[in-house]
Amino acid sequence: MAGGARGKGGDGSYPPICRWWLITVMPGLVPGIHVLARSPEKGAWMAGTSPAMTTRRHLVKSIPIAAIAMAITIISPAHAQSLPGGFVYLRDIDPSIIQDIRYATSNNFVGRPLAGYGAGECVVKREVGLRLKAVQQELAAQNLSLKMFDCYRPARASLDMVKWSQNGHETAAERRYNPNIPKTELFRLGYIASRSQHSTGAALDLTLVDLKADNSAKYDPSKTYADCTAPVAMRAPEGSVDMGTGYDCTDAKGHTAVTSINPEQRTWRKRLVAAMARQGFVNYSKEWWHFSLPGAGGAAYDFPIQPRIR
């Protein structure tokens, strides 16, 4: 989800990455895998959501047979644990990076696992994983660690977010993430949008963990917590440094450079942005937790996240 993003109603998305996007889903090339094909139509990849099963018939007809054959070659798994399109499990690159994949749990703004999240595993493009490993190595010398909240996101999960925003209910637990905006307005205002750069494997949601601190507090679904903008002692615990808001907080305080947080919180944000930038990652200004690696994306995918075979 987003905090403070802008979009064009039902077709909007965030943050803007480029002026072309991938919209055509070609189901059936490989069972369980859908890949969105490139189109020169106007639009922009952003960090929101994407309908998983939209098919533009006239575009599919225009795709050469050779291109389809190449797509099959690229995404066909060599064995059960293979991932399509150059994706890898981050644990296979650096198992020291902490993972708390929130959309695979009930501890998120929807209140249940999202469609396609069959396991709490961070899946990324290989280049992204290698650069995250380099960031982690730098942080380890400072007794810090990365903590991943979201990585690759199946396109079907984006559609799940859109459906959730329009389901006509709103609970107190959901309001913790968007305390000042009704959920019915999230899609119209662009906080939830129709396409997600996460589905390309080049976008990430993450934070920092101070390894010297007591990070033992766990989220308890039976407890009532304050909203995501409240002081850290009142918010749902995240086992990470205090960035001034919780993860996925739809509020101006979630904007990276906001001045309404305290100096220590601003310092943590700056350290995270600087560490990621040294490996080429770019922060989205309206979400302190969201980063992407320019040029590492490509087609958007819809394969489900499955448990990693150890």
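For 214, 302, what ranking results if the residue with the fewest other Cβ atoms within 10 Å of its Cβ goes first?
Ascending number of Cβ neighbours within 10 Å: 214, 302.
When 148, 234, 161, 243 are ordered from fewest to most other Cβ atoms inside 10 Å of their Cβ, what list results? Each step should come with its number before you reach the end.
Numbers: 148 21, 234 10, 161 28, 243 24.
Fewest to most other Cβ atoms nearby, the residues stand as 234, 148, 243, 161.
Tell me which residues come under 5 Å, amide H to amide H, from residue 236 once H is placed; ignore anything under 5 positions away on its chain.
Here 226 satisfy the definition.
Which ³J(HN,Hα) values in Hz, rounded to whole numbers, follow from the phi angles of region 238-243 under the Karplus curve 6.51 cos²θ - 1.76 cosθ + 1.60, where θ = phi - 60° and Gly and Pro get x?
Values per residue, Gly and Pro as x: 10, x, 8, 5, 7, 8 Hz.
Note the per residue figure in Å³ for the convex hull of the C-alpha positions in region 136-266.
Values: hull volume 17.3 nm³, N = 131.
Considering the Cα atoms of region 136-266, their hull volume per residue is 132 Å³.
Could you derive backbone 3J(HN,Hα) for region 121-134 from the dihedral phi with the Karplus parameters 6.51, -1.76 and 1.60 (θ = phi - 60°), listing whole Hz in sequence and x where the residue is Gly or Pro?
Rounded to whole hertz, the list is 10, 7, 10, 9, 5, 4, 4, 4, x, 5, 6, 5, 4, 5.
For region 109-117, in order, what is each residue's ³J(HN,Hα) by Karplus, 6.51 cos²θ - 1.76 cosθ + 1.60 with θ = phi - 60°, in whole Hz (x at glycine and Pro)?
5, 7, x, 7, x, 7, 4, x, 8
Every number in this text was worked out from the coordinates using simple rules, so none of it is lab data. Small disclaimer: the values here were computed from a predicted structure and weren't measured. Glycine gets a Cβ as well: all are built from the backbone with ideal geometry, and neighbour counts include every protein chain shown.
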